[in-house]
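Scroll down for the structure; my scribbles are underneath it.
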Amino acid sequence: MGLGLWGEVVLVLLSVLVYGMLDGMEVALRAAQKSRLVQWKEEKQYGAAVALGIRETPEQFIMTLHIGMTCAAMVAAMCVGALTVGQGLPWLLSRWPMLGGWSGTLALGLAVLFLTYIVLVFGQLIPRAIAQQHPERVVCSLAPLLRLLTRLCKVVRTGLTASSSGVLWLFGQSRPLTFTTLAPITEEDVTSMVRAGAEQGIFETVEHELIAGVFEFTDTAAREIMIPRVRIQALDVNTPTDEVVQRLAELGYSRIPVYEGDLDHVVGVLYFKDVMRAVSAGRLWEMRRLLHPPLYVPEMIQISRLLRMLQQRRLHMAIVVDEHGGVAGLITTEDLLEQLVGDIRDEGEPEADALVTLLPDGAMVALGSAPLWELRERYQLPLAESAQYHTLAGLLLARLGHIPQGGEAIHEQGYTVTVVDMEGPRIARVKLERRSAEEPEGTVDMSASGPNAHSISG
């Protein structure tokens, strides 16, 4: 090449250095946090504004990086080839003349090994390690240079894009050529980072649970967390006023739905404070005049959207209706907030039954009203809901096909699910224990005494 021995060596080292710098820049560009670049831009740190611009529209810059890396690798290969022919081959023949015709092959093999080693170590491993440890600093340091190279390579990029698109067209690829862009951050990425931070002690457990709750909040429907119809406390609109005051005092609720005839005809929501104002004023009052219009929402509405509706209308309660227009349940702002921060209990409110109680033998007892999604998320129970049911009791009713008695059980997804307590027709508590391997999947064990006691196998 006419550069002499040391000139060619220096050119090889410079080419590998450029290759490593560009490769590290690509790694840093993909790893850099946008929030930190924004902060550094506000602090007017060197290169932060340019780096943020590259981060926003990285496609042309990444293509420039690959063009530069390809050119650097080619220059390094040519220099190593020249060194092999001009210096390496004569040196081998002078030392071991018996090699004869094999000397060229041996020299080329040694040159390839040498080039591979220095490119891997100094062109990839070391630059990538530095870029991954300090991605924002690397991006900010090299961003102005990358912007300049991108401007200089505009014609080259245009030509390469056009020719590549033409070749792709010959192979039936009609879509325009697009270069690799930065992958968007997904919900799974964020939750994984938060989980890793909690394991390393960066986040407190409560912070981890709160962030996880935010993501679950947007994916949860009202029917999954509503107070079911059978547990709704409501008043008949024709209830005498003295009984209304007594009933409100007993329940301790600040708001209560009021119906006419039956619960499917909710005519309004009664506020305890309105009743107290009327009573303290000593005037006659009628319940209908104090009612506030109810807000009806469908079962499948996302609770994140429902919360916005309640905020906009300054309401604290919504009536959940099913596809037939019947009342399916009730939901309050407190129910919504508890999905984010956990149970919120008023002063003097009795402790509610635990959703799941773990037993010493590894089994667990759960409420029949326990949502299947919550059992799956919190306790890793492989029980999936369907369009027909969303709770543990619903699963049992769907599998059994009748109102069960205490002791009846089903085998579901490797677990034996047994009815423990019944409150009238309602399944109150259920026991779940791992099923033995000998029991076939899909069996239904009805061991309770009575006319319905029998056993079937699927």
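Rule-based calculations on the coordinates, nothing more; no lab input. For clarity, every value in this text was computed on a predicted model and none was experimentally measured. Neighbour counts run over all protein chains shown; Cβ positions are idealised from the backbone, glycine included.
Would you mind calculating the gained length between Glu377 and Asn238 on full extension (0.36 nm times residue separation, minus the Cα-Cα distance), in nm to one decimal?
45.6 nm
Contour minus end-to-end for Met309 and Lys34, with contour as 0.36 nm per residue of separation and end-to-end as the Cα-Cα distance?
Length gained between Met309 and Lys34: 95.8 nm.
With a Förster radius of 60 Å, plug the Cβ-Cβ distance of Leu145 and Asp262 into 1/(1 + (r/R0)^6) and report the FRET value to the nearest 0.05.
Computed FRET efficiency for Leu145 and Asp262: 0.20.
Estimate the FRET efficiency between Gln413 and Asp219 by the formula 1/(1 + (r/R0)^6), using the beta-carbon distance for r and 30 Å for R0, to the nearest 0.05.
Working: r = 22 Å, r/R0 = 0.73.
Plugging the Cβ-Cβ distance into 1/(1 + (r/R0)^6) gives 0.85.
Can you sort His411, His402, His316 from fewest to most other Cβ atoms within 10 Å of each residue's own Cβ?
Taking fewest neighbouring Cβ atoms as first place, the list is His402, His316, His411.
Hey, quick one: spin label on Arg157, modelled 7 Å out along Cα-Cβ, who in region 49-83 has an amide N within reach, i.e. under 17 Å?
Flagged as within label range: 50-71.
At q = 0.09, 0.12, 0.18, 0.20 Å⁻¹, what log₁₀ I(q)/I(0) does a Debye calculation on the Cα points of region 220-341 give, no solvent, two decimals?
-0.25, -0.44, -0.94, -1.11
Multiply the residue gap between His134 and His402 by 0.36 nm, knock off their C-alpha separation, and tell me the result in nm, one decimal place. Before the final figure, lay out the partial values.
Details: separation 268, 0.36 × 268 = 96.48 nm, distance 6.33 nm.
Contour length minus the Cα-Cα distance gives 90.2 nm.
Would you please give the FRET efficiency between Ser254 and Asp421, computed as 1/(1 + (r/R0)^6) with r the Cβ-Cβ distance and R0 = 35 Å, to the nearest 0.05?
So, using R0 = 35 Å, E works out to roughly 0.70.
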